[in-house]
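Worksheet for the structure shown next.
The values are calculated or read from the model by the stated rules, or taken from the named source; none is laboratory data. Here the structure is a predicted model, which is why all the values come from computation and not from measurement. Cβ atoms come from the backbone with ideal geometry, glycine included; neighbour counts cover every protein chain shown. Keep in mind that these areas ignore ligands, DNA and RNA; they rest on the heavy atoms of the full protein, side chains included. Shrake-Rupley method; radii C 1.70, N 1.55, O 1.52, S 1.80 Å.
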Amino acid sequence: MSIIHNALSGALAAQAALHTASQNVANLMTPGYTRQGVLLASVQPMFAGKLSAGSGVSVASLVRFSDEYKSLQMWRAASELGERSAAQPYLTQLEQVMGAEESGINSGLDAFFSALNAASVDPTSTPLRQQVIKAADALAQRFNSLNQVMSGQRSAVSQQRLAVVEQINALAAEIAKLNRHIADSQGTGVNPTALIDQRDMKIDELARLVDLQVVNQPDGTRSVSLRGGQPLVLGARSATMTATYNPDGSQTLTVDFASESFTLINNRLGGELGGLEHFEVDVLVPMMQSVSAMAEQFADNVNTQLTAGFAPDGSAGQPLFEFDSTGAVGILRLRDGAIGSELAFSSNPATPGNSDNLLLLIALRNQPVTLPTLGAVSLADAATQLVGTLGTESQQNQAGLATAETVRNQAEESWKSTSGVNADEEAVNLMQFQQLYQANMKVVAVANELFESTLAILS
Amino acid sequence: MRIASTQYHATMNTALQNASARLELILQKMASGQKYMLPSENPIASVRMSRLAREEATLDQYRENIAALRERLTRNEQYLDAMSADMLSARDLMVWAADGSNTSADVNAMASSLQPLMDSIFFTANARDAEGRYEFSGSATSTPTITYDPAAPAGSRYTYTGNTDVQLVVVGNGVTQPANVALNEIAAMLNQLDEVRVVLTTPNVSVNDPAVRAAIAATMDSLDGTLESITGKIATLGGSQNILMTLEENHSSVSLSNKQAALVLGQLDYADAAVKLNGYTTAVQATQRAYGAVSKLSLFDVI
């Protein structure tokens, strides 16, 4: 009788294994699916005696093929990738705008100083003076449009940060919910593998947004906190992150968990949040300050020189530019009513054709301006150097991005090599377990024949 | 290492995406002829190219200034030439008048020929440009070079009302050239001519009168002195033209070498780009074939 019993246990084990293989094949293309297998164990003989081989086979449990370390590696890679890829579009856009030879600050300055140089041929000529005014206006527009692009980027960064914060909150809430289901299922004995897969996918999404520390708890849940230790998910409870605007245009992030509130100040957060912060704090704001300082000092220098001279009609020189760092329309514009005949090129009220002051204006091109990011650089070279530093910044980020992509790809590949489904392997499993099933059925048949023979003798 | 089935697809996707990005970039470069599309591709080269562009812009302006200045100097030279021709005619008249056999009627007639020459010199000295500014008043371009006051006694009717300031034009980095000529000596000469004209117009004037002879001699001296000065200024203008031509040549050779440097730095090497394009295309085709072959392999096809 034990032969039939053994064969039955084998057939049942084969069925369980075939079922598991079918689940694996069905989820061949499911992202984040962790393949499963059966853990077979032989059963100790139930009857005493040296000649009892054993009491069949049992499926001790289903195995989840997963490696915690590989998951952690994948999440860390997601944070790095998120950080680099969030900043890159902004860097590229800024580079395109600032690096454009025809529309940049540089060629505007060239045109302005060319107009002044041209005026030195005939300092009292009205068309030449008018050309100076036109070039000055065009230059102011260039400063303004660059400033506008950067202000636009800043508000885009703020908007994106708000969206990311919302996503973080939604994901944290979902992870907490899945944690609860997983803990519950352990109590009820349901296989939680699908829930675990779902939760880990959510953690992966969350890791792309902000760098995480993930700690496993004995009840199967995972606790998730920020790099600085501020909790996002603890068991079935999740935190809420909020971004609030400051008067200077920056944003402050706070995390509220239960009754506690954590303010994230200048933290290197990692992930997309960190990438946005890095771009805003280390690239965009210094660049805005530099461009603004350049415009201000250029305007001041030109105005000071002009007011030291005299217009052709002998009147004292008037400033040409007006600078306003918070201007709604732009940071730099021409003084209302500025006209060519007012430009003070002469150093003497009695001699309109004198060009001494004009020569000093032309020399401003090589005078230094002091920028927050570069220190003292000549006005003519300032924009070039700003583009150079931006280019270097972008180049570094691109190199980092390429590395992060490779690392992430490898981490995914490594995770899949443990947890991913291989169709050929499942085909082999199917054949083997089919054979296992058939063999056990054959054993039943043999046992049945033996039984029949025994009955035949008796009858 | 164990490979999951989806890994083939993921690898293929990554490979194709990378290849597309590379192809897209090389196509953009080939379309624009630029070696670098963004400063970040080579920040150092972009800084150097930008500096070359700045220098080119300044050189262009210097060269334009030189062209405009040469035009202005040539115009001044023509005025001075015309003026010295008038002065030579006046001198001829003086030589003629000094002849002792001239009757007073002859001398009166000569004096009347002097007036148009004086007028011509006066108007030329007060020459104005298209915008009405006086060419020879130094930097006092809105005041006439020479002012004529008919109420004053002969000999002090003409006054130089300009100044002798030099207008400097920028023609190179830190290099300036004067653009104007001040005709401060003409007024004194015109006064002298005016004086002699009055003397010679006197009825029954005799050239043998020592006072008349002295006036004629003084006028000839004044004419000679002024002619010498004007000829000197014409020579200076010629010298300026030579300096400007030399500067222009220097600027154009620097500009040429800048352009060559910019080409080397920023121009796409099409041969190299075409080779890369071929290489990338081959790589994509090979990857696609390999994927096609690998994805056909499945144990499910044979069981």
Once the Cβ-Cβ distance between B:Ala271 and B:Arg75 is put in as r, and R0 is 56 Å, what FRET efficiency do you end up with, to the nearest 0.05? 0.60
Identify, among A:Ala78, A:Leu455, A:Ser223, the residue whose Cα sits farthest towards the positive end of the charge dipole of chain A, taking +1 on the Cβ of Lys and Arg and -1 on the Cβ of Asp and Glu, with the dipole about the Cα centre. A:Leu455
Roughly how many nanometres apart are two label points built 7 Å out from the Cα toward the Cβ at A:Asn366 and B:Glu56? 2.2
Ratio of Rg to Rh for segment A:1-139, alpha carbon only, Kirkwood? 1.70
Per-residue mean of other chain beta-carbon atoms within 10 angstrom of the beta-carbon, peptide A:391-402? 3
Fraction in percent of alpha-carbon pairs per bin - 20 Å, chain A: 19, 31, 22, 15, 8, 4, 1, 0
A plus B alone minus the pair: what accessible area, both sides summed, probe 1.4 Å, in Å² to 100? 4200
Over chain B, give the accessible area per residue in Å² for a 1.4 Å probe, as an integer. 49
Count the lysine pairs in chain B that are 8 or more places apart or on different chains: how many have C-alpha atoms under 30 angstrom apart? 5
Of B:249-258, B:168-177, ordering from highest average Cβ density within 10 Å down gives B:168-177, B:249-258
At least 40 Å² of accessible area lost relative to the chain alone, listed for segment A:346-386 with a 1.4 Å probe: A:Thr351, A:Pro352, A:Gly353, A:Leu359, A:Arg365, A:Thr384
Does anyone have the angle between helix B:5-32 and the longest principal axis of chain B? Alpha-carbon axes, 0 to 90°, nearest 10? 20
How big is the charge dipole of segment B:61-159 about its Cα centre, in debye rounded to the nearest 20, if each Lys and Arg gets +1 on its Cβ and each Asp and Glu gets -1 on its Cβ? 300
Honestly segment A:1-68 on the Cα gyration tensor test (a ≥ b ≥ c root eigenvalues; a/c under 1.5 rounded, otherwise a/b vs b/c for prolate or oblate) is just oblate
Overall form of segment A:42-95 per C-alpha gyration tensor (a/c, 1.5; a/b vs b/c): prolate
Once you order the gyration tensor axes a ≥ b ≥ c over the Cα atoms, which shape class does segment B:66-139 get: rounded for a/c under 1.5, otherwise prolate or oblate by comparing a/b with b/c? prolate
Tally up the carbon and sulfur contribution to the accessible surface of segment A:198-251 as a whole percent, 1.4 Å probe, everything protein left in place. 52
Hey, can you list the residues from segment B:127-145 whose accessible area shrinks by 40 Å² or more with all protein chains present, relative to the chain by itself (probe 1.4 Å, no ligands or nucleic acids)? B:Glu131, B:Arg133, B:Ser139
A:Leu62 label point, 7 Å along Cα→Cβ, cut-off 15 Å on backbone N: hits in segment A:12-44? A:13-28, A:33-40
Out of the total accessible area of segment A:3-120 (probe 1.4 Å, heavy atoms of protein only), what percent is carbon and sulfur? 62
Roughly what would the spin-label model give for B:Thr282 and B:Ser295, points 7 Å off Cα along C-beta, in nm? 2.4
I need the calculated FRET efficiency for the pair B:Ser113 and A:Asp336, taking r as the beta carbon distance and R₀ as 56 Å, to the nearest 0.05. 0.40
What distance in nm separates the two pseudo spin-label positions at A:Ser151 and B:Leu25, each 7 Å out from Cα along the beta-carbon direction? 3.5
Which residues among segment A:262-302 fall inside the zone where the amide N is under 20 Å from a point 7 Å beyond the Cα of A:Thr392, along Cα→Cβ? A:278-294
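Magnitude of the Cβ-charge dipole of segment A:253-297, K/R +1 and D/E -1, about the Cα centre, nearest 20 debye?
Dipole of segment A:253-297, to the nearest 20 debye: 100 debye.
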Would you give the gap between the C-alpha center of segment B:225-303 and the C-alpha center of segment A:24-60, rounded to a whole Å? 71
I'd like the orientation of helix B:210-266 relative to chain B: the angle between its Cα long axis and the longest Cα principal axis, in ° from 0 to 90, rounded to 10. 0
Nothing charged except the Cβ atoms of Lys and Arg (+1) and of Asp and Glu (-1): what's the magnitude of the dipole of the protein assembly as shown about its Cα centre? Round to the nearest 20 debye. 3340
Run through every distinct alpha carbon pair of chain B and return the Kirkwood hydrodynamic radius in angstroms, one decimal place. 26.4
If you count only protein heavy atoms with a 1.4 Å probe, what accessible area per residue comes out for segment A:304-381, rounded to a whole Å²? 43
Number of Lys pairs in chain A closer than 22 Å at Cα, excluding neighbours under 8 places apart unless interchain, is 4
What percent do you get for the relative contact order of chain A when only Cα pairs under 8 Å and 6+ apart count? 23
So what's the angle, to the nearest 10 degrees on a 0 to 90 scale, between helix A:68-99 and the longest Cα principal axis of chain A? 20
Per 0.36 nm of contour for each residue apart, how much would the distance between A:Gln434 and A:Leu40 grow if the chain were fully extended, relative to their Cα-Cα spacing? 140.3 nm
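Evaluate the relative contact order of chain B (contact order divided by residue number), counting alpha-carbon pairs under 8 angstrom at least 6 apart; express in whole percent.
Computed over chain B, the figure is 26 percent.
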Order A:63-72, A:446-455 from most to least packed using the mean count of other Cβ atoms within 10 Å. A:63-72, A:446-455
